[in-house]
Amino acid sequence: MTDVQKAWILSWVVMAQELCPENWRVALAVAAHESNCGTSDLAVNHNNLFGIKAVPELVRAGAHRTATDGVHREFDEKEDGFVEFNRMLTRSVYYPYVREVERRDDVLEARHRSKGDAAVVLMLYPNYCPMPSWVNLALDWLDGVWELTRDIRGPEDK
């Protein structure tokens, strides 16, 4: 991880803790991976750090705006993507298994400092992104985020 990538991740810690309190490190890892630390077209021009896709029914109803690619969502602010990512993890009918697994400590072996966070990343596949390589890259980012933020207390520590 480069110094620029580290600085970008650290610049979003407080926001991630506020808007994704149970999964803030997962949110940072997915945002860093999906947006190339805020440099992708979706991030720069559409405020979409997470690669979140638009739901066609909600686009037709006027509740979602699409990016110029016609597939991904466009947000008013980057913070809105954190809110939507947290909603997906905590309330979406598509990810009930994330809520079930995020508190289990026996899900993974000790590759990661937080077995629960790694389990959440694994549970995002295949609904969030159907490419197996996405999981490995997201887990690598999660390792980097954990290393970078190991001394930062989160909402779960209070």
Note to self: If I ask for residues that are at pLDDT 95 or above and of a type in the set (Phe, Trp, Tyr), which ones from region 1-44 would you list?
What the structure shows: TRP8, TRP12
Check: Where in region 1-95 are there helices (runs of 4 or more DSSP H), lying wholly inside it, with at least 3 residues that are in contact with a Phe, Trp or Tyr (Cβ under 9 Å, 6 or more places away or on another chain) and in contact (Cβ under 8 Å) with a residue 40 or more places away in the chain?
Finding: 13-19, 24-35, 78-90
Checklist line | Failed criterion for PHE75 (all others in (1) within 17 Å of GLN17 (Cα to Cα); (2) modelled with pLDDT of 80 or more hold) | finding: (1)
Notebook entry, point to check: Can you find even one residue in region 10-29 that is on the phi > 0 side of the Ramachandran plot, surrounded by 15 or more Cβ atoms within 10 Å (Cβ to Cβ) and not β-branched (Val, Ile, Thr)?
Noted result: no
Note to self: Looking only at region 77-92, count every residue that is exposed (fewer than 14 other Cβ atoms within 10 Å of the Cβ) and under 11 Å from HIS46 (Cα atoms) and tell me the total.
What the structure shows: 1
Margin query: I'd like to know if region 55-76 contains one or more residues that are within 25 Å of ASP143 (Cα to Cα) and either surrounded by 14 or more Cβ atoms within 10 Å (Cβ to Cβ) or not charged (D, E, K, R) (or both).
Written below: no
Check: For residues in region 123-158 being closer than 27 Å to ASP3 by Cα and among the aliphatic types (A, V, I, L, M), which is modelled with the lowest pLDDT?
Finding: VAL135
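The values are calculated or read from the model by the stated rules, or taken from the named source; none is laboratory data. Computed from a predicted structure; not experimentally measured. Using ideal geometry, Cβ is built from the backbone for each residue, glycine included, and neighbour counts are taken over all protein chains shown.
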